[in-house]
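Structure first, commentary second.
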Amino acid sequence: MKLIQGGIIVDPKKGTMYQSDILVRDGKIEKIAEHIDAAQYEEAQIIDVSGKKIGPGLVDVHVHFRDPGFTYKEDIETGAKAAAKGGFTAVVLMANTKPSVDNEETLTYVLDKGKKTLIHVHTCASITESLKGEKMTDMSALYKSGAVGFTDDGIPILSEELVRSAMEEAVRLDVPLSFHEEDPSYIENNGINRGKASAHFGIGGSDRMAEISLVERDLELALSTGAIFNVQHISAKESVELVRKAKKRAAELGQSNIHAEATPHHFTLTEEAAIEYGTLAKMNPPLREEADRMAVIEGLKDGTIDLIATDHAPHSAEEKARAITEAPSGIIGLETAFALAVTSLVRPGYLTLPQLFERMSLAPAQMYHLPHGAVEEGAVADIMIFDDEQQVTFDEFVSRSSNSPFLGKTFYGTIDMTICKGEIAYQK
């Protein structure tokens, strides 16, 4: 039993903040009141959080833990520890492991290993067998075995017919599909924006049409099928506008099935970072121009982009030391995400704290039909305690990898404690 006293609760459901105490018993929030007398609960562990804020544990629906197959980069245990340090109490893993999560055996392995961690570890299964984009997996069997959604993240699905079939099956199962939207016909060297950055490196780079073309196609398919559809790691201003218009059309049809996610790096950095940091700022889709960064922020502000997800993508130092055309794309993000969001979105006034937690906790949980994302009586005690006025410097990471342009940088937003299922998963 724990009694958390003196904190200010951030409520993304009601869009409010208020001071209250929280009593946690048997892994759940038993009571929330302005004052709970500790004398009535002598056996409770008192946690004084005066001057701090309390939010629902963050929920990241786009994470790579590289397990099985690439555990030298990260595994489920180290990834879960990094998540807890970042304030996340739940994650949804991607399926591009080795073997990929296209079968019940691998799915069970991931879920069983996740249960041994201190956070909630969920996973998607792949839409196509071996991520080849040719034949659909048995989505029904994988869903019954515990997959919370489906994605071929890392690889776009080029067959329109296959995408439609997957969406129709997803409607039947009532599960979300998340799509990596990059048409390779518009890409010469991935991970670097075609423009100033690609010119700097003397390479072809990734044209913005790679994303725009597939986003446009799949939004139309989602509107016609009614499938729960999520545009992953949106990066181009045109894509944001396409989602905005599609959401309006969906609302006119009585649907609320269109979603989009933004990563902290896409609302924080531009292609200038790729020029400055090289492979540490190489990612798919790439960092683009300032107008694109601001379009992503405006999308988050008006709700066009309703999710913030990290695309936590660990790689070894040796891999990132390769040439710009040879190094893998992606950066880690679980430990830096909250501070980047506070610094780039809340402090400048684009989002309030309740809105931030709606994008980082409540809405992601709701899209995946997960019982997370709120601090309320009867809910599982998934809580983060933080200080948005205090600065944090990222000198080191808990993650097995450290591929981040934010290493050594200072931002606002410290995480003092992460409580998951009523137990302390991280403490500063």
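The values are calculated or read from the model by the stated rules, or taken from the named source; none is laboratory data. This structure is a prediction, so every number in the text was calculated from the model and none was measured. Positions of Cβ are generated from backbone atoms using ideal geometry, with glycine treated the same way; all protein chains shown enter the neighbour counts. What goes into the accessible areas is simple: the full protein's heavy atoms, side chains included, and nothing from ligands, DNA or RNA. Shrake-Rupley method; radii C 1.70, N 1.55, O 1.52, S 1.80 Å.
Descriptive notes on the structure:
- Here the range 27-51 is the region considered, the condition is being open to solvent by 10 Å² or more (accessible area, probe 1.4 Å), assigned to a loop (DSSP other than H, G, I, E, B) and of a type outside the set (D, E, K, R), and the residue that is nearest to LEU111 (Cα to Cα) is GLY27.
- Where GLU42 falls short, out of the listed (1) more than 23 Å from GLN366 (Cβ to Cβ); (2) at pLDDT 95 or above: (2)
- Residue in the range 399-417 that is outside any strand (DSSP E or B), touching a helix residue (DSSP H, G or I) at 6+ places or on another chain (Cβ under 9 Å), within 18 Å of VAL92 (Cα to Cα) and touching a residue at least 60 places away in the same chain (Cβ under 8 Å) present: yes
Residues checked against (1) modelled with pLDDT under 95; (2) closer than 30 Å to ILE54 by Cβ; (3) over 15 Å from the mean Cα position of the chain (by Cα):
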| position | (1), (2), (3) |
| --- | --- |
| ALA274 | no, no, yes |
| LEU280 | no, no, yes |
| ILE297 | no, yes, yes |
| LYS320 | no, no, yes |
| ALA341 | no, yes, no |
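- Test: LYS98 is over 30 Å from VAL148 (Cα atoms) and either surrounded by fewer than 23 Cβ atoms within 10 Å (Cβ to Cβ) or not charged (D, E, K, R) (or both): no
- Residue check for GLU377: modelled with pLDDT of 95 or more, of a type in the set (Asp, Glu), outside any loop (DSSP other than H, G, I, E, B) and within 30 Å of LYS28 (Cβ to Cβ): no
- Each residue in the range 195-211 was checked for being more than 12 Å from GLU238 (Cα to Cα) and part of a helix (DSSP H, G or I), and 6 of them qualify.
- From PRO176, PRO184, PRO156, residue being free of Cβ contacts under 8 Å to residues at least 60 places away in the same chain and surrounded by 16 or more Cβ atoms within 10 Å (Cβ to Cβ): PRO156
- Per-region count, the range 212-242, residues assigned to a helix (DSSP H, G or I), surrounded by 22 or more Cβ atoms within 10 Å (Cβ to Cβ) and touching a residue at least 40 places away in the same chain (Cβ under 8 Å): 5
- Residue tally, condition among the hydroxyl-bearing types (Ser, Thr, Tyr) and touching a Lys or Arg at 6+ places or on another chain (Cβ under 7 Å), over the range 182-211: 1
- Single match in ARG322, ARG359 (criterion: of a type in the set (Lys, Arg) and either more than 24 Å from MET417 (Cα to Cα) or surrounded by fewer than 22 Cβ atoms within 10 Å (Cβ to Cβ) (or both)): ARG322
- Sole exception among (1) in a helix (DSSP H, G or I); (2) open to solvent by less than 10 Å² (accessible area, probe 1.4 Å); (3) within 14 Å of THR418 (Cα to Cα) for ILE54, by number: (1)
- All positions within the range 243-266 that are assigned to a helix (DSSP H, G or I) and either in contact with a strand residue (DSSP E or B) (Cβ under 7 Å, 6 or more places away or on another chain) or crowded, with 24+ Cβ neighbours inside 10 Å (or both): VAL243, ALA246, LYS247, ALA250, PRO264, HIS265, HIS266
- SER178 being more than 30 Å from VAL121 (Cα to Cα) and hydroxyl-bearing (Ser, Thr, Tyr): no
- Condition check for VAL49: within 22 Å of ILE383 (Cα to Cα) and at pLDDT 95 or above: yes
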